[in-house]
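Structure, as structure tokens:
The values are calculated or read from the model by the stated rules, or taken from the named source; none is laboratory data. Since we're looking at a predicted model, the values are computed, not measured. Every residue, glycine among them, receives a Cβ derived from its backbone with ideal geometry; neighbour counts consider all protein chains shown.
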Amino acid sequence: MTLTVNRPAGPAGPAAHARPEHAPFGRTLVAFVLTAVLVSGQLYIVIPLLHDMAAGWHASAGALTWLVTAFGAGYGVGFLVFGPLSDRYGRRRLLLIGLPLAAVTSALVAVSPNVETALALRAVQGVAVAMFPPAGLAYVAERLDPRRRVAAIAAVTAAFLASAVVLQVAAQLLVDVTGWRGLFLLSAAGFLLAALGVRAVMLPDLPRERGGSLLSPYRAVPGLLLDPVLALRYLATVLLMAAFVAVYTGLQIHGGTSPAGLLALRASGLPVIVLVPVVMPWLARLSGPARAAAFLAVAAAALAAIGGTGAAGTALVLLLALYVAAITGGLPSMNEAISARAGQARGTALALFSFALAVGGSAGPQLAALFDGFTPLAYGLAAGMAVAALAVLASARAGRPRRS
């Protein structure tokens, strides 16, 4: 999930000039990529655990999809809150508060005595981990060598998406050993290690001007939401992310697939998540909206093929990989389409883009639970992807200047 925020004024004074100009590339990238996987993966880690959690609490797996939704809701709110706070108080300061807090909330989820408590704590956990994406990406954009920033931002952004596969696979492999509570305790330990890692590699915060009120960054929000072009693109973004999460949730609760089969289906998406960004420069001749609409159409076709053929085994693995490839290409294309439209309000527009992703991620599990079986779910999500593609095409037409 990509966030763009305004850069603060450069360092001033003798103390500032004594600091290294650029952060170390290799160490910073390793620390931030691993932290990004852990942070964003908390949205998905529950999906392979639904049956184990349901058995422990004598609830249905479908009802426990709210544990994903609760986290996503807190995560989305956190994006809007902590982006401006990191501008105002500094990236390093915010991360060294947020990551330990994420460790505490993850440990509390692990000891939840019932579903209701777990729901509340998952929402708080979502808010806590949301401190990393805006502050982390802003730090990369500010403090790394400009020649390496594009590659670093692409790597961290890909890590957010890859976490959907990595954390689900890890959870499925480890749950029989640690139990679902043990996995949240491991996440808590991971956040403590992440805090130590970013503390070791991050440079001191740059001096910041704190003029204006805390609400000033939000003044552009109403205009952005009421812009008909951006409204259509935000709608498409919500549908894109909702379908992505719903597919994996549906495989867990409706798929009727063996644990080994589920593992293969989850892992099938990882190679394309890595490879698609490599070929994206060759598609740059197309506009952002055109690319986004094309990828969404491919996603709709892949899901329709899954539903229409009743794909299983190798066919399902290949079609799911095609679907994940389409999502991997569609996400940055939507980002570009929204950024190009926003003008000087680009930072706030992309914060809303990330919020739309969180809304979609929260809605996905509930969509999966609404359908009685994976085949009707695939058909329904294919229709949603088609609507998203049409919304992007309509936004491109609405954004063209009218002839007199």
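Structure notes:
- The stretch 77-102, subset farther than 22 Å from residue 143 by Cβ and modelled with pLDDT under 85, residue surrounded by the fewest Cβ atoms within 10 Å (Cβ to Cβ): 81
- One residue stands out in the stretch 1-56 among those that are in the same structural domain as residue 167 (by TED's automatic domain parsing) and in contact with a Gly (Cβ under 6 Å, 6 or more places away or on another chain): the one that is modelled with the lowest pLDDT, namely 43.
- If you filter the stretch 282-293 down to residues that are of a type in the set (A, V, I, L, M) and outside any helix (DSSP H, G or I), you find that the one that is surrounded by the fewest Cβ atoms within 10 Å (Cβ to Cβ) is 284.
- Check on residue 274, surrounded by fewer than 19 Cβ atoms within 10 Å (Cβ to Cβ), more than 30 Å from residue 59 (Cβ to Cβ) and touching a residue at least 60 places away in the same chain (Cβ under 8 Å): yes
- Residue check for residue 301: over 19 Å from residue 43 (Cβ atoms), in contact with a Pro (Cβ under 7 Å, 6 or more places away or on another chain) and not assigned by TED's automatic domain parsing to the domain that holds residue 62: no
- Residue 312 being under 19 Å from residue 251 (Cβ atoms) and surrounded by fewer than 19 Cβ atoms within 10 Å (Cβ to Cβ): yes
- Any pair with Cβ under 8 angstrom, 6 or more apart, that starts in the stretch 232-252 at a residue that is under 12 Å from residue 330 (Cα atoms) and ends at one that is among the charged types (D, E, K, R) and surrounded by fewer than 24 Cβ atoms within 10 Å (Cβ to Cβ): 233/341
- Scoring residue 143 on the criteria (1) out of contact with any His (no Cβ under 9 Å at 6 or more places or on another chain); (2) crowded, with 18+ Cβ neighbours inside 10 Å; (3) closer than 30 Å to residue 21 by Cα leaves a single failure, condition (1).
- In the stretch 317-327, residue surrounded by the most Cβ atoms within 10 Å (Cβ to Cβ) [restricted to those that are of a type in the set (A, V, I, L, M, F, W, C) and under 10 Å from residue 303 (Cα atoms)]: 320
- Residue check: residue 403 meets all listed conditions (1) over 24 Å from residue 78 (Cα atoms); (2) at pLDDT 85 or above but one, namely (2).
- Residues of the stretch 261-303 classified as aliphatic (A, V, I, L, M) and modelled with pLDDT of 85 or more, total: 12
- Among the residues of the stretch 122-143, none qualifies, meaning not one is out of contact with any Gly (no Cβ under 9 Å at 6 or more places or on another chain), among the polar types (S, T, N, Q) and more than 18 Å from residue 203 (Cα to Cα).
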